[in-house]
Every structure is written in structure tokens, then in C-alpha cells.
Amino acid sequence: MTEVNTHTAAEKRDDNRLIIFDTTLRDGEQSPGASMTHNEKLEVAEILDAMGVDVIEAGFPIASNGDFEAVKAIAERTNTSVIAGLARAIPGDIDRCAEAVKHAKRGRIHTFVSTSPIHLKYQMQKTQDEVLEIIAATVAQARNLIDDVEWSGMDATRTPIEYLCKCVEAAIKAGATTINIPDTVGYTTPAEYKDYFVQLRERVPGAENVIFSTHCHNDLGMAVANSFAGVEGGARQIECTINGLGERAGNAALEEIVMAVQTRSDALPYHNNIDATHIARASKMVSAVTSFPVQYNKAIVGKNAFAHESGIHQDGMLKNAETFEIMTPESIGFRETSLVMGKHSGRHAFREKLLELGYDLGENAFQDAFQRFKDLADRKKHVYDEDIEALVDSEMASATNRIKLVSLTVIAGTGSAQRATVTLDVDGQHKTHEATGDGPVDATFNAIKAIVPHEALLPLYQVSAVTEGTDAQAEVMVRLEHEGQTATGRSADTDTMVSSARAYVIALNKLQQKQERVGNGVSLVG
């Protein structure tokens with residue numbers, strides 16, 4: 001095991017610097033329906049690295065071959081961020097994780113085990129002493145493989161402090177360099193969470209030589225507040241995700257953490273390495289690849305975050321923007337200047353608009369998006385930013401799919417059966433089917449299902465207008481579920497039926513890709 005002079009490291013540490021640990025690619029991807037393809041994970045990792053994220057938790061290498069390959073590829077390609085892989089306190093997990101991150105410029109093994117009484121009794125079925133032995137053995141194993149080891153006590157905030165102190169002490173003695181105290185189920189309050197860190201740092205031998213970390217879930221809506229309470233208690237690493245993505249109600253949102261520090265430096269006298277101007281682009285990319293829309297009133301990155309409809313607010317904004325905006329759109333990567341887009345707009349103007357909206361597409365993707373934009377502009381008098389965002393998000397989601405919508409014809413109305421004729425490109429072959437249904441959407445989905453037989457259920461079908469007016473694009477969200485796996489597809493078009501078909505096909509592709517990654521042998525296609 002490599003010896004590290006932790007006293008020297010602690011003495012040199014900047015006590016006001018916050019380490020930003022992003023787990024969008026691991027905890028975020030565990031959100032039902034939010035799975036990403038291999039290439040999508042690489043794209044997200046690239047922007048996280050560019051924006052200055054200190055630690056990227058790239059995945060859970062033991063979960064599947066696909067996850068292992070994604071973590072390995074991210075480790076090989078990332079320039080500055082530490083690349084972490086997650087591992088249960090199981091020797092095989094830790095070996096697999098070490099193999100995945102070994103080619104990173106700086107790699108980390110993040111290993112965890114449950115510590116709360118309810119988890120030990122029902123999930124682990126272990127005694128407290130047995131778990132202490134597991135911590136000592138597995139952290140030591142990890143430290144013998146890599147210098148940077150993070151240990152987490154799952155459900156730490158429902159663990160008695162006396163036992164949690166013993167667990168943390170065992171992890172530090174075995175070689176852990178970062179100690180994470182997760183609020184796994186979003187249970188704690190700020191005062192309670194702060195006290196955990198205060199007591200651990202005061203009572204555990206060697207606590208002064210490690211970095212303490214927060215990991216807060218948002219089940220009670222306090223994830224960001226709890227994270228800062230942990231910092232007040234002595235934590236200097238915050239674990240978070242883009243758009244607050246994560247299991248159940250999600251995690252502390254990276255954009256909220258970063259902009260709170262930037263905006264309220266008087267109350268939060270800390271700093272970090274994040275270039276906040278990348279936030280808008282990162283938010284849009286994560287939303288697009290997961291098909292998880294950002295709620296309109298979401299802090300920092302929501303559609304309405306810098307929108308003002310009240311007359312009083314508008315009057316104040318015209319006189320001085322600071323009357324109702326505590327930060328500027330430019331500070332997170334939005335631009336105030338808006339190019340008016342329409343059917344006469346050229347490629348250069350469209351590319352500039354995409355960059356303004358946070359999209360930097362490759363040439364092929366750009367050409368496809370530009371053609372869809374021109375098609376939309378021919379049908380729609382006013383093309384708003386939201387229209388372009390929906391168009392590009394839909395294009396990005398379907399770029400690498402095995403199944404693609406080629407054409408759709410729908411016959412609907414009173415007095416006759418609703419019929420839909422669908423042509424799909426399935427692995428390069430065009431297949432057509434006509435079906436009836438209880439309405440045009442049902443007929444369309446029945447036709448798709450006839451071409452690509454499957455048993456997935458449809459727990460969610462949702463339609464919303466992207467902008468106002470009768471020519472507004474309809475944004476459709478479809479969620480499919482099969483054998484415990486879920487996938488969400490999102491698409492937008494001025495034709496609701498076309499948007500519905502595309503969203504269904506995107507969800508079907510994602511479900512297929514997810515089931516291939518987990519290696520359960522189930523195939524929806526072919």
C-alpha cells in the first residue's frame with residue numbers, strides 16, 4: 001500500500017474550497033427511465049470535465065459489462081477530473097472497480113456499506129460487529145489497489161452516532177481518504193445533519209486527516225440546504241447531480257450548489273472550481289439524453305428561472321434587472337441577445353443559435369437538426385427558442401437508435417375506426433403495418449407494436465405544448481416498463497401524432513438498450 005502523508009495534505013488544504021463530486025452518471029442514471037447509452041455517458045462526462053467538476057462518479061462497474069466499459073472509457077478520456085467508480089463492500093466489486101478506473105489520470109474507488117439498524121436487520125442481515133469487520137477488510141483491499149478511496153455509510157443519517165463513529169474510525173484506519181455521510185433516504189434536517197459532521201470530526205481519531213463529504217437526497221425537499229449544513233459542520237466535498245437527477249426525488253442539484261455559493265458569498269464564504277457558464281449546456285444535455293424534462297420553475301435552469309410575467313416584475317426589470325434577478329442568465333451560460341429564427345435563416349445563424357442555447361453538435365448531427373429546423377420553419381410562422389430546444393433534444397435522443405420512424409399516416413374522425421399506418425426502419429430494414437385502435441394514438445402505438453412485438457407496458461403518456469398558438473409544437477413524453485426496467489422517450493413536432501410515434505420509438509429503443517446493458521437476455525428487437 002502506498003503511504004501518503006495525510007498530515008501534510010491536511011495542512012495544505014484550503015478550508016474554504018468545496019470539492020464538487022458529480023454523480024449524474026451513477027446515482028442520476030439510477031432514476032427510473034433515465035438510463036443513458038455508452039456514447040451519451042461519454043458526452044456528459046466530457047462536459048462535466050470541461051466545466052471543472054472535481055470528481056466524476058462515472059458508474060457502477062460491477063453492475064454490467066456496459067457500465068464497466070463506460071467507466072473505463074471515461075477514465076481513459078477524461079483530462080482533469082478524478083474518475084470514481086462505485087463498489088459495494090464486496091471483494092469482487094472492488095476488484096472490478098479498480099480495473100475500470102486504473103487508466104484514469106486520477107482514479108478513485110468509492111465503496112459503501114449499510115450502517116443503520118433497519119438496513120443491517122433487513123437488507124444486510126449482519127450484526128454491527130460483522131459490518132465493522134467488512135469495512136476494515138474492504139477499505140484495506142481498495143487502498144491496496146489505489147491511493148484514493150472513498151467510504152460511505154449507507155443510510156448514515158438513521159444510524160446511531162456512537163456506531164457511526166466506530167464505522168468511520170474503522171474506515172479511516174483501513175486507509176479511506178474521503179468519508180461520505182449520505183442522507184440516503186432524504187430523512188434528516190439541516191441542524192441534525194450538521195451535528196453529525198461536528199460530532200464525527202470531534203470524536204473519531206484521525207478525522208482531521210480525511211475529507212468529509214455530503215450526499216443528500218431530496219425526499220423532503222432539503223437536499224441543498226442539508227448539503228450546506230454539512231459544510232458548516234466541516235464537510236468539504238458535496239455530492240450532487242445535474243438537474244438534481246437521482247433516485248426517487250433526486251439529489252442535491254449541482255447548479256443550485258454552485259450558484260448559491262457564487263451568489264451568496266457573504267453567507268457562504270466558500271469557492272469551487274466550477275465554470276458556471278457551462279451549467280445551461282450541461283442541464284440541456286442531461287435532460288435530452290435521459291428524456292427527463294426540467295420542470296419550468298426549477299431553480300437556476302428551469303424555463304421560468306429568468307422569466308417575468310407580472311407587470312410589477314416587468315416594470316422593475318426594465319428599470320434595473322437586479323430588482324427581480326439575483327443572478328444573470330449569462331452567468332450560467334444563457335445569452336440575453338436573441339436571434340429571430342425563421343425559414344430564411346441560414347446555417348451560420350442556426351449554429352450560433354444552437355451555441356447560444358447550449359448545444360455544440362457534430363457536423364452530421366448539426367445537418368440533421370438544421371434540416372428539421374427548416375422543415376419546422378416552413379410549417380410554423382414563429383420559431384421560438386423552446387421550439388429549437390425541443391427539436392434538437394428529440395434529434396439527439398434518436399440519433400443512435402436501432403428503430404427509427406420513417407413515416408406515419410393516420411385516419412381519424414367520427415363514424416369510422418381510427419387507423420394508423422406506420423413505417424419503421426428496424427436495423428436498416430423498412431417495415432410497414434396498419435392497425436386500428438381506440439383513437440389515433442392507440443392505433444399508432446398498436447402499429448408500432450405489431451412491427452416490433454414486445455410486452456412493455458405504457459404507464460405514462462403525456463402531451464404538452466412547447467409554445468403558444470395553434471401551430472405550437474406538441475411535446476410528448478412516453479414511458480415504457482418491462483420486467484422492472486423503465487425507459488422514457490420525449491419528442492416534439494407540430495403534428496401531435498408524429499411526436500407521439502417518435503417518443504414511443506425513442507422509449508422503445510432506450511428500453512432495449514437498458515435491458516442489453518443489464519444482460520438479462522431479454523430482447524425487444526430482432
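Things worth noting here:
- The criterion of at least 2 residues that are assigned by TED's automatic domain parsing to the domain that holds D22, more than 27 Å from S31 (Cβ to Cβ) and in contact with a strand residue (DSSP E or B) (Cβ under 8 Å, 6 or more places away or on another chain) is met, among helices (runs of 4 or more DSSP H) falling completely within the stretch 47-163, by 128-145.
- Criterion applied to E256, E232, E247 was being within 24 Å of I326 (Cα to Cα) and within 22 Å of the chain's Cα centre (by Cα), and the one residue passing it is E256.
Residue-by-condition table, conditions (1) of a type in the set (V, I, T); (2) buried (at least 16 other Cβ atoms within 10 Å of the Cβ):
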{"site": "D183", "(1), (2)": "no, yes"}
{"site": "E192", "(1), (2)": "no, no"}
{"site": "P205", "(1), (2)": "no, no"}
{"site": "T214", "(1), (2)": "yes, yes"}
{"site": "S227", "(1), (2)": "no, yes"}
{"site": "Q237", "(1), (2)": "no, yes"}
{"site": "Y270", "(1), (2)": "no, yes"}
{"site": "I274", "(1), (2)": "yes, yes"}
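- Here Y270 does not fit the description of being in contact (Cβ under 8 Å) with a residue 12 or more places away in the chain, in contact with a strand residue (DSSP E or B) (Cβ under 6 Å, 6 or more places away or on another chain) and aromatic (F, W, Y).
- Against the numbered list (1) in a strand (DSSP E or B); (2) closer than 21 Å to D425 by Cβ; (3) out of contact with any Ser or Thr (no Cβ under 7 Å at 6 or more places or on another chain); (4) not aromatic (F, W, Y), T486 comes up short only at (2).
- Single condition E130 does not satisfy, out of (1) touching a Phe, Trp or Tyr at 6+ places or on another chain (Cβ under 7 Å); (2) under 18 Å from K173 (Cα atoms); (3) not basic (K, R): (1)
- From M124, M222, residue being at pLDDT below 95 and surrounded by fewer than 21 Cβ atoms within 10 Å (Cβ to Cβ): M124
- Selection of the stretch 450-489 for residues being β-branched (V, I, T) and at pLDDT below 85 yields V466, T467, T470, T486, T488.
- Filter pass, M497 being surrounded by fewer than 21 Cβ atoms within 10 Å (Cβ to Cβ), touching a residue at least 60 places away in the same chain (Cβ under 8 Å) and among the hydrophobic types (A, V, I, L, M, F, W, C): yes
- Options P440, P453: the member that is more than 22 Å from A390 (Cα to Cα) and loosely packed, with under 15 Cβ neighbours inside 10 Å: P453
- Residues in the stretch 360-387 that are in contact (Cβ under 8 Å) with a residue 40 or more places away in the chain and farther than 16 Å from V466 by Cβ: D360 alone.
- Across the stretch 166-186, the number of residues qualifying as part of a helix (DSSP H, G or I) and either over 20 Å from P117 (Cα atoms) or not aliphatic (A, V, I, L, M) (or both) comes to 6.
- Flag if I403 is of a type in the set (A, V, I, L, M, F, W, C), at pLDDT 80 or above and surrounded by fewer than 17 Cβ atoms within 10 Å (Cβ to Cβ): no
- Yes/no for E363 being surrounded by 11 or more Cβ atoms within 10 Å (Cβ to Cβ) and at pLDDT 60 or above: no
- Filter result (surrounded by fewer than 24 Cβ atoms within 10 Å (Cβ to Cβ) and either touching a residue at least 60 places away in the same chain (Cβ under 8 Å) or not aliphatic (A, V, I, L, M) (or both)) within the stretch 141-155: Q141, R143, N144, D147, D148, D155
The values are calculated or read from the model by the stated rules, or taken from the named source; none is laboratory data. Because the structure is predicted, anything quoted here is derived from the model rather than measured. With ideal geometry, Cβ positions are generated from the backbone for all residues, glycine too; neighbour counts draw on all protein chains shown.
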